[in-house]
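Below: one structure, written as structure tokens.
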């Protein structure tokens, strides 16, 4: 990248910086702490454990606190050897996790901007694609619980694609070394599932790229040398990460669920129900996960959606009409195929992948396939915006306007039908919940329709919000058609509207607390732990916890410690049967 191009791209990077800084404002400028359960009850305690021991000059290969002790380095999710994770040595924990999430998501957006130059000509379209990748629901929804390893792996994928495609096109020692280093960062980031899924899309891109180069000078030789460079880079990366990869593979070989391949029941755990696909276009249809009114399932919301904003979705639709570039069908097929795979056991396709595709029998949560939809959708949305900015075929734009007008009217009409059927829908909700409660609990009181007005309200709100978004986008399309010479300000305003949509939606997932609120609500040391902590001697303190053979939500198990409190409290915990 030349200095001249960097200066031209600087406004795009500045725009991404501003958007992400607004989202993370409480963390960056108010010192707030992420309220997510995973980051507070697992990752931050792991990290504090690691940091404390390293500062004492001891590398903690072993965690003595869980059960009778478990390997620590062997667990990839601890990400102990991940270089960017070493900021926790210099910043206060757990605030450092919010700052790390900010840096990684911003890095993801900037790298996707660089990557999208391969497929998008206009800087504004590349900015939009980067914004969607950086702030889409697939990654921002994970702030609600705090999954730093997912964010870390996600952030490196655009650079992985960019370096890998570059090596495949023009093999070089420098390019291969860079690719190996990026592969190592992806592995050390601590979450192999997302890279595994996106590797399929990467392989498809490389194959198509190589096929298209066959007719050029040195076609076959270039193809072979490209694949050789990719393999060499992968092997070099494996050598770099061997201190982590070796222990991890040894540890994984003892997994009760994954060693030798998981059962299909395990691999299909986390499959999306067909009606969950509504969340891709109406993310609040079943309630707001931010205020815990999301009701349709107990599955984590972050595993259910890849929402990219109403305008982002409509720009993907626009790409069908306006801008079918050479790779259009690859992106569209990838988007649709990933959506089908996310349904898991609901379709035979996931079973076929589980049975015949290497690696699919070692992972669960098929819903994470939506990361492929996110990646593909970002490029398609860029195609759609480029089609609007190019102003080549007014007839195509007229067809798109007509389609959007019909779609807007249809969605609004659906909303009015819901309003007319309000009582009937509420009665159905009350009946179904009463039946389910009776089957689960044996006896249950009848639920009343008025208890479900909030659920119905979210449905109607989501439908009319989508209809309003379609009408707003229709106004932009009309502006492009009637005033084509206004394409620059209209395009910029459209990107701003996308950013506002994503910030409004993503803000509900970044739930941050002040230090006082955090200490009051995130109590990682249960009361039942404290007497043992106060009375323990200098040696190890063993704490016997009865196994109530029940669910975590039952009141009889209230004495069970919050996950990882044993490490923070310095207690070795043993679970024993209750007689």
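The values are calculated or read from the model by the stated rules, or taken from the named source; none is laboratory data. This is a predicted model, so every value here is computed, not measured. Cβ coordinates were reconstructed from backbone atoms using ideal geometry, including for glycine residues, and neighbour counts include every protein chain displayed.
Looking for something surrounded by fewer than 17 Cβ atoms within 10 Å (Cβ to Cβ) and either more than 24 Å from residue 276 (Cβ to Cβ) or in contact with a helix residue (DSSP H, G or I) (Cβ under 6 Å, 6 or more places away or on another chain) (or both) - is there at least one such residue anywhere in region 357-380? Full working, then the answer.
Here is the first cut: in region 357-380, the residues surrounded by fewer than 17 Cβ atoms within 10 Å (Cβ to Cβ) are 357-359.
So of that shortlist, the ones also either more than 24 Å from residue 276 (Cβ to Cβ) or in contact with a helix residue (DSSP H, G or I) (Cβ under 6 Å, 6 or more places away or on another chain) (or both) come out as 358-359.
Scanning region 357-380, I find at least one residue that is surrounded by fewer than 17 Cβ atoms within 10 Å (Cβ to Cβ) and either more than 24 Å from residue 276 (Cβ to Cβ) or in contact with a helix residue (DSSP H, G or I) (Cβ under 6 Å, 6 or more places away or on another chain) (or both), so the answer is yes.
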Legend entry - Leading residue by the ranking (modelled with the lowest pLDDT) among those in region 463-512 that are touching a strand residue (DSSP E or B) at 6+ places or on another chain (Cβ under 9 Å) and buried (at least 20 other Cβ atoms within 10 Å of the Cβ): 512
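Kindly indicate whether any position in region 69-78 is out of contact with any helix residue (DSSP H, G or I) (no Cβ under 8 Å at 6 or more places or on another chain) and assigned to a helix (DSSP H, G or I). Outline the logic, then answer.
First, the residues of region 69-78 that are out of contact with any helix residue (DSSP H, G or I) (no Cβ under 8 Å at 6 or more places or on another chain): 69-70.
This time we only want the ones that are assigned to a helix (DSSP H, G or I), so: none.
Scanning region 69-78, I find no residue that is out of contact with any helix residue (DSSP H, G or I) (no Cβ under 8 Å at 6 or more places or on another chain) and assigned to a helix (DSSP H, G or I), so the answer is no.
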Inset, instruction - Could you list, in sequence order, all residues of region 226-256 that are more than 18 Å from residue 77 (Cα to Cα) and at pLDDT below 90? - result: 226
Legend entry - Any pair with Cβ under 8 angstrom, 6 or more apart, that starts in region 216-237 at a residue that is in a loop (DSSP other than H, G, I, E, B) and ends at one that is modelled with pLDDT under 95: 216/222
Inset, instruction - Quickly run through region 35-67 and pick out the residues that are in contact with a strand residue (DSSP E or B) (Cβ under 6 Å, 6 or more places away or on another chain) and within 16 Å of residue 146 (Cα to Cα). - result: 35
